[in-house]
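Chemist: Would you mind keeping the following structure in view while I ask a few things?
No lab work stands behind these numbers, since they all come straight from the coordinates. Worth saying up front: this structure is predicted, and the values here are computed from it rather than measured. Neighbour counts run over all protein chains shown; Cβ positions are idealised from the backbone, glycine included.
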């Protein structure tokens, strides 16, 4: 609560407007709070991009305290800023992918997705060799053989394609989702109103809605988080892949890249001429999913063999 | 002036007085509203997990109803035009019934959208100033603007005209607003169509025919509901409604339903003849896809309803017979409710963008909430009507000298 008091030092015109707006909404909040208790500091919180450095600090402090007490371990919520001259890009080798779904679950663990109900940011699609596949209609998402890879099938993992021309951010009525300077599309979970328009707009099924209170067991919670990435979410908000913003802004690979047992996943800086992704884009047979929609993904599929 | 308005307010008291039928009707509505409140609080407590909305089909029954009701609201314009622009007397006498319907329908729309939000308490994020509305980029912000604007315009016209009638004065000064309400009615529906239309991810919606089809179906379902309501109002309230007015509206339905079916035909031809992958949603609706056919029965039912209604409405002797007319109106209402509710929003998500088919049907909670909202709409309409009647019947008028309270 200290953080909240700091934020209240200066009373701006915006503050007054907010109070006025809140008076009307408070009644609604009482009905929708679920647990009945209204957290006013949270309710009045500004849009992430409009917060001053002080405000960000106080919000982060509040969140860290909240998460730490909820999950019984010390949480850090970072707001690491993008690096200069970095635009992240991703490449995925369809010749190598064996459909093991290790990436799916590494992502769940790293990014604190709800275990119950299950939320996955990565979907691995299975296709029968020799059948049409680019329209995805013949894909199978729920395959469960004893062993992968299976004879006669190939696999294509799909996650947020981090489009340069994203249809999802365009439709958000409150600007709760946007493209960061280093290329990730992120969501402010405290600003999202849960209208799910972005989910209707996404051509890649990359966005997930928290249908219930996220079920994140205490012992499985990852306490190293970023405000725009893997911090624990709320019921009723949309979430998505952020290229592991909490890791990649500190020079680490995304969790899915690190776990892939066959090295099918490549990640790097598109602006760096010597990066692996640049090499792949320039030398391999690369394609992007649903190129006809002009979404211009920064996610490239390729065949190394 | 304050006294005048206070006296005008006497009309409010008439809302609390009525026959046994009136009280019974209110009690019925209150019961249904209670079901809605209980259902919604269940959803508010547990989240959308209690609905059948999932990531694959991320909009469902609420947004379907919202879409349908925007059409009903827009249809009020079909009374406004002949009433105020052409001074067609039989309709001019009942135009307030249409405006009331627009008010009630917009209120329902707002409730349906709110019920669909994961965080309704955060709607202030859309208010310029404290919030960050994504205007003009997001069509949803446009929709909020035009819908609320339409509500304000219609409520202003309705109460202003009523007040002027009560004063016994002319209400011509509101004409600019009345004229504005006509294109505005078209705009609410166009904007709502564009909401879906602009999504490249959903080929079923991403077709230019969407907005025209929206308008055509709105202009048959709205008037159909009006005719049904008019007959009920005539029976219970003593408002005289000239048959000519009803037949005029019925004639309009004949045109709009013909256009509606024609546009459906255009869409069916293009998709089935070219047979691209964009055919999938339409195929799912009318024939089923990969063994999934939950909506097939409903869609054919809707088609049969619409065609039968068209036959009734194009034959003058049938549309001017109150039995067949009422049947026709019910057919139009149900036909379009299915076509637009079930048949427009849901197949946009089937198959989903990764080719998965999740067959959506609303859960009991969603049906309960929807029933509650419809009942609230009916309550708003009933109370507005009750409020209007003393002035309409001329029992409440401003006398040259202030009237006694009796």
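Chemist: Mind sorting B:5, B:259, B:152 by how few other Cβ atoms lie within 10 Å of their own Cβ, fewest first?
Modeler: B:5, B:152, B:259
Chemist: On to the next question. Over chain B, what is the relative contact order in whole percent, taking alpha-carbon pairs under 8 Å and six or more residues apart?
Modeler: Computed value for chain B: 30 percent relative contact order.
Chemist: How long are the semi-axes of the equivalent ellipsoid of the stretch B:161-243, taking √(5λ) for every eigenvalue λ of the Cα gyration tensor, in whole Å from largest down?
Modeler: That gives 35, 20, 8 Å for the three semi-axes.
Chemist: If neighbour count is taken as other Cβ atoms inside 10 Å, put B:345, A:286, B:144 in order from fewest to most.
Modeler: A:286, B:144, B:345
Chemist: Shifting gears a bit: Could you work out the mean count of beta carbons from other protein chains within 10 Å of each residue's beta carbon in A:129-138?
Modeler: Going residue by residue through A:129-138 and averaging, the value is 3.
Chemist: How high is the relative contact order of the stretch A:76-305, in percent, counting Cα pairs under 8 Å that sit 6 or more residues apart?
Modeler: It comes to 33 percent, rounded to a whole number.
Chemist: Given the options B:382, B:13, B:156, which has the most mean-square fluctuation in a GNM of chain B, springs set between C-alpha atoms less than 10 angstrom apart?
Modeler: Sorting by GNM fluctuation, first place goes to B:13.
Chemist: Could you please state, rounded to a whole Å, how far the C-alpha centre of the stretch B:299-324 is from the C-alpha centre of the stretch A:130-165?
Modeler: 48
Chemist: Hey, another quick one. How would you order B:164-171, B:268-275, B:303-310 from highest to lowest mean count of nearby Cβ atoms within 10 Å?
Modeler: Taking the mean over residues of other Cβ atoms within 10 Å, the ranking is B:303-310, B:164-171, B:268-275.
Chemist: A further question follows. Rounded to the nearest 500, what is the protein assembly as shown's calculated 222 nm mean residue ellipticity when only DSSP H runs of at least 4 contribute -39500 (n - 2.57) each, over all residues?
Modeler: Result for the protein assembly as shown: -16000 deg cm²/dmol, rounded to the nearest 500.
Chemist: Take the alpha-carbon centre of the stretch B:226-245, take the same for the stretch B:1-54, and report the distance between them in whole Å.
Modeler: Result: 23 Å between the Cα centres.
Chemist: Moving on to the next point. Mind pulling the angle between the C-alpha long axis of helix A:13-32 and the longest principal axis of chain A? Nearest 10 degrees, somewhere in 0 to 90.
Modeler: 70
Chemist: Given a 10 angstrom Cα cut-off, can you work out which residue in A:223, A:173, A:203 is the most mobile in a GNM of chain A?
Modeler: A:173
Chemist: In nm, give the distance between the simple-model label positions of residue B:182 and residue B:231, each being 7 Å from the Cα along the Cα-to-Cβ direction.
Modeler: 3.0
Chemist: Right, something else. Taking 7 Å along the Cα-to-C-beta vector as the label spot, tell me the residue A:285-residue B:273 distance in nanometres, rounded to one decimal.
Modeler: Modelled inter-label distance: 3.7 nm.
Chemist: Compute the Kirkwood hydrodynamic radius of the stretch A:76-305, taking the inverse of the mean of 1/r over all pairs of distinct Cα atoms, and give it in Å to one decimal.
Modeler: 18.1
Chemist: With a 10 Å cut-off between alpha carbons and a GNM built on chain B, which of B:28, B:230, B:214 moves the most?
Modeler: In the Gaussian network model the winner is B:28.
Chemist: Treating each Cα of the protein assembly as shown as an identical point scatterer and ignoring solvent, apply the Debye formula and state log10 I(q)/I(0) at q = 0.06, 0.09 Å⁻¹.
Modeler: -0.41, -0.86
Chemist: What angle do you read, to the nearest 10 degrees and between 0 and 90, between the alpha-carbon axis of helix A:53-71 and the longest principal axis of chain A?
Modeler: The answer is roughly 80 degrees.
Chemist: Let me ask something additional. Using alpha carbons only, how many angstrom separate the centre of the stretch A:46-117 from the centre of the stretch A:183-199?
Modeler: Cα centres, the stretch A:46-117 to the stretch A:183-199: 14 Å.
Chemist: Suppose we keep just the DSSP beta bridges with both residues in chain A; what percent of those would be antiparallel, to 5?
Modeler: 75
Chemist: For A:199, A:51, what's the fewest-to-most ordering of other Cβ within 10 Å of each Cβ?
Modeler: Listed from fewest to most nearby Cβ atoms, that is A:51, A:199.
Chemist: Rounding to the nearest 10 and keeping the result within 0 to 90°, find how far the Cα-based axis of helix B:243-274 lies from the longest principal axis of chain B.
Modeler: Approximately 10 degrees, to the nearest ten.
Chemist: In the protein assembly as shown, what percentage of the DSSP-assigned beta bridges are antiparallel, given to the nearest 5?
Modeler: Bridges in the protein assembly as shown that DSSP calls antiparallel: roughly 70 percent.
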